[in-house]
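J.: What follows is a structure written as structure tokens; I'll ask about it next.
The values are calculated or read from the model by the stated rules, or taken from the named source; none is laboratory data. Because the structure is a prediction, the values reported are computed rather than measured. Because the Cβ atoms are built from the backbone with ideal geometry, glycine has one as well, and the counts that use them run over all protein chains shown. What goes into the accessible areas is simple: the full protein's heavy atoms, side chains included, and nothing from ligands, DNA or RNA. Shrake-Rupley method; radii C 1.70, N 1.55, O 1.52, S 1.80 Å.
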Amino acid sequence: MKSIEELMAIKEKMQSKVSLRNSDAGELRVVVGMATCGIAAGARPVLNAFVEGVNEAGLSDKVMVTQTGCIGICQYEPVVEVYEEGKDKITYVKMTADKAKEVIERHLKGGKPIAEYTIGAATK
Amino acid sequence: MFRIHALICGGTGCTSSGSVRIREALEKEIKEKGLEEEVKIVQTGCFGLCSLGPIMIVYPEGTFYSMVKPEDVPEIVEEHFLKGRPVERLVYHDTGADETAQHAASLSETNFYKKQKRVALRNCGVINPENIDEYIAMDGYFAIAKVLKEMTPDDVIDTLNAAGLRGRGGGGFPTGKKWSFAKASVSDKKYVVCNADEGDPGAFMDRSVLEGDPHAVLEAMTIAGYTIGADEGWIYVRAEYPIAVKRLQIAIEQAREYGLLGKNILGTDFNFDIHIRLGAGAFVCGEETALLTSIEGNRGEPRPRPPFPAVKGLFGKPTIINNVETYANIPQIILKGADWFASMGTETSKGTKVFALGGKITNTGLVEIPMGTTLREIIEEIGGGVPNGKKFKAAQTGGPSGGCIPASLIDTPIDYENLGKIGSMMGSGGLLVMDEDTCMVDLAKFFLEFTVDESCGKCTPCRIGTVRMLEILEKITSGNGEMEDLDKLEELANHIKSSALCGLGQTAPNPVLSTLRYFRDEYIAHIKDKKCPAHVCKKLMQYVIDPDKCRGCSACSRACPVGAISGEIKKPFKIDPSKCIKCGACKATCKFNAIDIQ
Ligand SMILES: Cc1cc2nc3c(=O)[nH]c(=O)nc-3n(C[C@H](O)[C@H](O)[C@H](O)COP(=O)(O)O)c2cc1C
Ligand code: SF4
Ligand code: FES
């Protein structure tokens with residue numbers, strides 16, 4: 001290694017790989033329901049889409065993606081909840097990997113929840 | 001892209017409680033479930049709660065599993081990794097947690113961790129110590145880069161002085177000052193040495209740093225080399241630390257491959273390389289001059305100072321020698337600045353200190369606290385208190401060179417000066433907690449036995465004086481002590497302190513002096529009343545049968561291995577004190593609680 005630039009390149013390449021270990025990270029927490037019903041309804045691709053998308057969007061310092069058990073609304077699975085400090089929880093229902101990408105773009109990055117994917121819209 | 005990182009402790013404690021088998025089981029299970037792309041298994045260094053091992057931490061939540069068994073692994077994978085439900089029964093339950101506290105305590109929220117401030121241990125239990133890239137991801141090697149590109153040797157020394165870093169190996173000598181002496185020495189060759197001998201019984205701070213974050217030590221030694229003008233470094237580590245040695249070897253090789261050790265480091269004309277020397281584990285070899293003598297290939301005996309190593313050290317050349325933990329602080333001081341470091345701690349003692357917490361305490365393990373934290377905070381909050389409802393009696397810091405801190409001084413803020421004032425010392429960081437069942441005379445005897453064994457024999461006060469002191473303690477604990485013995489102990493102690501050649505002898509009397517200072521009444525009880533108040537000294541104990549409680553069942557007389565108990569059935573039995581060997585078998589057998597210790 002001849003320069004700081006090379007050192008920096010390794011750091012950047014690696015940072016996304018270790019940032020997961022900072023459990024304090026994130027003003028935003030994305031929680032994917034991963035109980036039997038969620039998994040059956042396709043929660044795994046949704047979870048993976050969030051993990052990858054958040055990282056690609058460079059949001060891994062800000063957003064923590066995690067999973068939880070049954071949220072209790074099995075007919076709406078896959079369910080994803082977004083927690084933000086000082087704000088009401090947003091619950092997205094019937095999620096897909098594509099919708100996840102949109103949520104990352106518009107909500108996590110852009111700061112605007114997507115109303116039509118939320119539970120409020122689904123129960124109307 | 002991994003969505004879960006499962007960190008398994010690969011420190012010495014967890015390795016011996018079976019963490020390797022956990023890792024194997026986990027690898028197998030993850031493969032079977034087809035999760036290889038989603039779950040990453042990382043082997044780390046010590047998390048600090050070794051008595052609860054094997055320990056596993058699952059991120060991103062930071063779920064903290066303790067005492068994991070291979071049989072538990074399928075459940076963790078199925079329930080937690082697949083379905084997102086942490087396995088409650090394996091989650092560490094916080095000591096003293098109230099009902100509102102989360103059960104699935106994430107590591108950083110436990111009482112054990114909350115009051116800690118991890119500087120020297122910051123990467124331990126976070127990164128894989130066998131992967132240099134993970135160290136770099138945590139800003140590793142950016143300090144040496146900064147030093148080489150932006151700082152002169154004097155800048156480094158000024159920074160360390162402004163930070164107020166003092167040696168963590170025991171003496172507390174200002175590190176910047178030590179480096180400036182070595183820099184000022186003129187020579188064609190200089191050396192940088194790392195003291196990883198860690199001979200204090202019960203201490204394992206340095207081992208954990210080496211096992212958990214070896215690159216931090218290599219980086220700091222390289223900074224030291226640049227600062228004093230040395231191109232060669234030696235790490236002296238005891239052979240009893242095989243995991244630490246292996247990780248150091250791997251780290252050195254990786255650093256060489258990356259050109260972070262060797263010639264022309266980071267494209268500059270600075271060269272530096274590091275070698276390892278294994279020590280055979282003699283306590284005296286932790287003393288700096290004995291250590292250097294040992295690296296040179298000779299019997300590890302101290303030599304007189306001056307000349308100090310900074311002037312005439314390894315192979316007669318100017319040398320700096322620092323402790324592992326001292327080094328582990330340095331890269332961060334360079335990166336975050338002297339002010340950051342100096343903002344932690346007390347007036348005279350800056351930064352943090354790692355302690356190995358042991359003895360009669362709920363959470364044994366490794367803790368790093370800001371200087372100035374009180375003993376009470378360490379014992380009651382971080383350590384979770386003294387178990388089994390017993391009372392805290394005293395704590396020993398500094399191991400065989402240190403002294404005890406009695407319960408009355410539990411609110412003393414811990415720093416170099418305060419510990420010195422109350423007759424103890426910081427030492428390298430062993431912190432032994434004792435409850436009411438500890439006999440302080442016996443404790444002093446224990447440490448003195450250690451120094452008698454470990455004395456190298458080069459000088460008379462230590463070789464003979466400590467033996468004489470030990471003889472007096474034996475006399476006292478066997479009930480033959482006289483009051484003059486206490487004066488004799490003190491007189492001998494003071495002579496040894498002032499005339500021994502090296503620190504081993506000079507500090508050997510400390511445990512006796514400090515217990516005499518705070519627990520003189522216990523010595524007097526042994527001498528005048530022929531009693532050991534804590535019922536530890538066997539020769540002063542007597543087993544007696546309470547005739548009112550004894551039903552004459554004869555169970556005790558059958559249990560006694562030496563036939564010391566006799567009597568008639570249904571009448572109170574009796575113990576013959578001349579035959580009794582005080583093994584306690586009778587007391588353990590009696591159903592009526594009729595046997596007392598006096
Ligand atoms: C008997 C004896 C044993 C010692 N053992 C150690 C040891 O195991 N580790 C250590 O770092 N320093 C030990 N020291 C202190 C060293 O002599 C030396 O002061 C220290 O390594 C300097 O490093 P520091 O300034 O970074 O603390 C010992 C000293 C004595 C007298
Ligand atoms: S004080 Fe003890 S250990 Fe030190 S040189 Fe003398 S005999 Fe050896
Ligand atoms: S060795 Fe695993 S926690 Fe210390």
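J.: Could you list all residues from segment A:57-74 that are out of contact with any Ser or Thr (no Cβ under 7 Å at 6 or more places or on another chain), within 12 Å of another protein chain (Cβ to nearest Cβ) and small (Gly, Ala, Ser)?
T.: Matches in segment A:57-74: A:Gly69 only.
J.: Follow-up question, since we're still on this one. Among the residues that make up segment B:112-130, is at least one of them crowded, with 24+ Cβ neighbours inside 10 Å, modelled with pLDDT of 95 or more and at the interface with another protein chain (Cβ under 9 Å from one of its Cβ atoms)?
T.: Taking every residue of segment B:112-130 in turn, none turns out to be crowded, with 24+ Cβ neighbours inside 10 Å, modelled with pLDDT of 95 or more and at the interface with another protein chain (Cβ under 9 Å from one of its Cβ atoms).
J.: Just a yes or no: is a residue in segment A:66-80 among the charged types (D, E, K, R), within 30 Å of B:Lys149 (Cα to Cα) and not in a strand (DSSP E or B)?
T.: Within segment A:66-80, none of the residues are among the charged types (D, E, K, R), within 30 Å of B:Lys149 (Cα to Cα) and not in a strand (DSSP E or B).
For (1) open to solvent by less than 50 Å² (accessible area, probe 1.4 Å); (2) among the aliphatic types (A, V, I, L, M), each residue gets a yes or a no:
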position: A:Met8; (1), (2): no, yes
position: A:Asp61; (1), (2): no, no
position: A:Ile73; (1), (2): yes, yes
position: A:Val80; (1), (2): yes, yes
position: A:Ile90; (1), (2): yes, yes
position: A:Ala97; (1), (2): yes, yes
position: A:Lys101; (1), (2): no, no
position: A:Lys109; (1), (2): no, no
position: A:Pro113; (1), (2): no, no
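J.: Any idea which residue in segment A:8-27 is farthest from the other protein chains (Cβ to nearest Cβ), counting only those that are in contact with a helix residue (DSSP H, G or I) (Cβ under 6 Å, 6 or more places away or on another chain) and not charged (D, E, K, R)?
T.: A:Ser16
J.: Another one. I'd like to verify a number: residues in segment B:18-52 that are away from every other protein chain (no Cβ under 14 Å) and more than 8 Å from ligand 3 (Cβ to nearest atom), how many?
T.: Summing the residues that are away from every other protein chain (no Cβ under 14 Å) and more than 8 Å from ligand 3 (Cβ to nearest atom) in segment B:18-52 gives 15.
J.: Do we have any residue at all in segment B:252-267 that's within 16 Å of ligand 1 (Cβ to nearest atom) and either on the phi > 0 side of the Ramachandran plot or among the hydrophobic types (A, V, I, L, M, F, W, C) (or both)?
T.: No, because not a single residue in segment B:252-267 is within 16 Å of ligand 1 (Cβ to nearest atom) and either on the phi > 0 side of the Ramachandran plot or among the hydrophobic types (A, V, I, L, M, F, W, C) (or both).
J.: Only one residue in B:Cys9, B:Cys14 is of a type outside the set (Gly, Ala, Ser), within 14 Å of another protein chain (Cβ to nearest Cβ), within 26 Å of the chain's Cα centre (by Cα) and under 18 Å from B:Glu130 (Cα atoms). Which one?
T.: B:Cys9
J.: Any chance you could count how many residues in segment B:222-275 are among the acidic types (Asp, Glu) and out of contact with any strand residue (DSSP E or B) (no Cβ under 7 Å at 6 or more places or on another chain)?
T.: Number of matching residues: 4.
J.: Tell me which residues, restricted to segment B:521-543, are under 23 Å from B:Lys579 (Cα atoms) and either of a type in the set (S, T, N, Q) or outside any helix (DSSP H, G or I) (or both).
T.: Scanning segment B:521-543 gives B:Asp529, B:Lys530, B:Lys531, B:Cys532, B:Pro533, B:Ala534, B:His535, B:Val536, B:Cys537, B:Met541, B:Gln542, B:Tyr543.
J.: For segment B:264-344, please list each of the helices (runs of 4 or more DSSP H) lying entirely inside it that holds at least 3 residues being surrounded by fewer than 23 Cβ atoms within 10 Å (Cβ to Cβ) and hydrophobic (A, V, I, L, M, F, W, C).
T.: Qualifying helices (runs of 4 or more DSSP H): B:338-342.
J.: Considering B:Leu291, B:Leu260, B:Leu248, B:Leu278, which residue is touching a Ser or Thr at 6+ places or on another chain (Cβ under 9 Å) and touching a residue at least 24 places away in the same chain (Cβ under 8 Å)?
T.: None of the others qualify; the one that does is B:Leu260.
J.: Going by the conditions given, is B:Phe173 closer than 23 Å to B:Arg247 by Cβ, of a type outside the set (D, E, K, R) and open to solvent by 20 Å² or more (accessible area, probe 1.4 Å)?
T.: No: the conditions fail for B:Phe173.
J.: Now for a different question. How do the pairs read when you match residues in segment B:1-26 that are farther than 18 Å from B:Leu210 by Cα and open to solvent by less than 10 Å² (accessible area, probe 1.4 Å) with residues anywhere that are within 16 Å of ligand 2 (Cβ to nearest atom) and in a strand (DSSP E or B), using Cβ under 9 Å and keeping only pairs 6 or more apart or on different chains?
T.: The qualifying pairs do not exist here.
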